Amino acid sequence: MDERRLVLEGGEGEIEEKKSRFIAHIMPVETEEEAVSYIEQVKKKYWDARHNCSAFVLGDRQEYTRCSDDGEPSGTAGKPMLDVLLGQGLTNVVAVVTRYFGGTLLGTGGLVRAYQGAMLAGLEHCVTGVQKEGMTMKVVTDYNGIGKLQYICGKEAFSILDTQYSDHVEACLLIPDDKVDSFEKEWTEATSGKSRMEPAEKVWYVKEEKELRILKRVPLTDQS
């Protein structure tokens, strides 16, 4: 799987139902150990709450999940929370919803709606994005070629990460995996094969409207 929706920055959100407070805490994680540790941290911080229900999702295909009702009626808290994470297409994320009881029973349906509502409120305060895979490409050209390079990158929405000018121009581009071959062909044709180019790194990244976040880089020489 070359695309995953991730929580890039965690957040918190709160709703109130019949005087019960539901506080959602959402955080990105990479392992089950990190998820369990975060759940314990929240429980320790909110030790005086009636419930600290939790859910987490791990894996490229959301294949590993766990949830806990933490004393709420079975299936009214952890599973609804998990359903929100899965429904949003998120992975590598943990959520804890803390409940301070307000004195009024909500019933099964009311609890499900409250825990899911708290999750949605929490996600509104998170930064999420779709992770993609790509390649950084080092391109060396003369000054006549830089305009052609900028044209191709603009047309295809490729990111130019760095440009250095000397007696030639050296640029570092980020090319999505599925565009590498077509870029190499188009660039070779545009410069009649007179420009040098070579792949440098495997990259996992998130590209938003005005922001590029590189999550992980692996030099090609390090890949087995």
Q. Accessible area per residue, 1.4 Å probe, Å², for the chain: what's the number?
A. 54 Å²
Q. Share of the chain's accessible area from carbon and sulfur, percent, 1.4 Å?
A. 47 percent
Q. What's the local net charge at ALA121, with K and R +1, D and E -1, over the other residues with C-beta under 13 Å away?
A. -3
Q. For LEU212, LEU149, what's the largest-to-smallest order of accessible area, 1.4 Å probe?
A. LEU212, LEU149
Q) Over the chain, with a single point scatterer placed on each C-alpha, what log10 of the ratio I(q)/I(0) does the Debye formula yield at q = 0.14, 0.17 1/Å? A) -0.83, -1.06
**Q.** region 124-224, dipole about Cα centre (Lys/Arg Cβ +1, Asp/Glu Cβ -1), debye to the nearest 20
**A.** 40 debye
**Q.** Cut-off 15 Å between beta-carbons: net charge of the residues surrounding GLU17, Lys and Arg +1, Asp and Glu -1
**A.** +3
Q: Distance check, please: which entries in LYS155/LYS194; LYS179/LYS202; LYS132/LYS216; LYS132/LYS207; LYS155/LYS216; LYS148/LYS216 exceed 19 angstrom between their Cα atoms?
A: LYS155/LYS194; LYS155/LYS216; LYS148/LYS216
Q.
As a test of the formula, what do you get for the chain when each DSSP H run with n ≥ 4 contributes -39,500 (n - 2.57) and the sum is divided by the residue count, at 222 nm and rounded to the nearest 500 deg cm²/dmol?
A. -9500 deg cm²/dmol
Q. Is region 179-221 rounded, prolate or oblate when judged by the Cα gyration tensor, a ≥ b ≥ c being the square roots of its eigenvalues, rounded requiring a/c under 1.5 and prolate requiring a/b larger than b/c?
A. oblate
Q: Give me the distance between the Cα centres of region 56-135 and region 159-174, rounded to whole Å.
A: 43 Å
Q.
What FRET efficiency comes out for ASP142 versus GLU63 if R0 is 30 angstrom and r is the Cβ-Cβ distance? Round to the nearest 0.05.
A. 0.05
Q. How large is Rg over Rh for region 103-146, taking Rg from the Cα atoms and Rh as the Kirkwood inverse mean of 1/r across Cα pairs?
A. 1.57
Q: Report, in debye and to the nearest 20, how large the dipole of the chain comes out about its Cα centre when Lys and Arg carry +1 and Asp and Glu carry -1 on their Cβ.
A: 640 debye
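The values are calculated or read from the model by the stated rules, or taken from the named source; none is laboratory data. Small disclaimer: the values here were computed from a predicted structure and weren't measured. Glycine gets a Cβ as well: all are built from the backbone with ideal geometry, and neighbour counts include every protein chain shown. The area values use the complete protein model at the heavy-atom level, side chains included, leaving out ligands, DNA and RNA. Shrake-Rupley method; radii C 1.70, N 1.55, O 1.52, S 1.80 Å.
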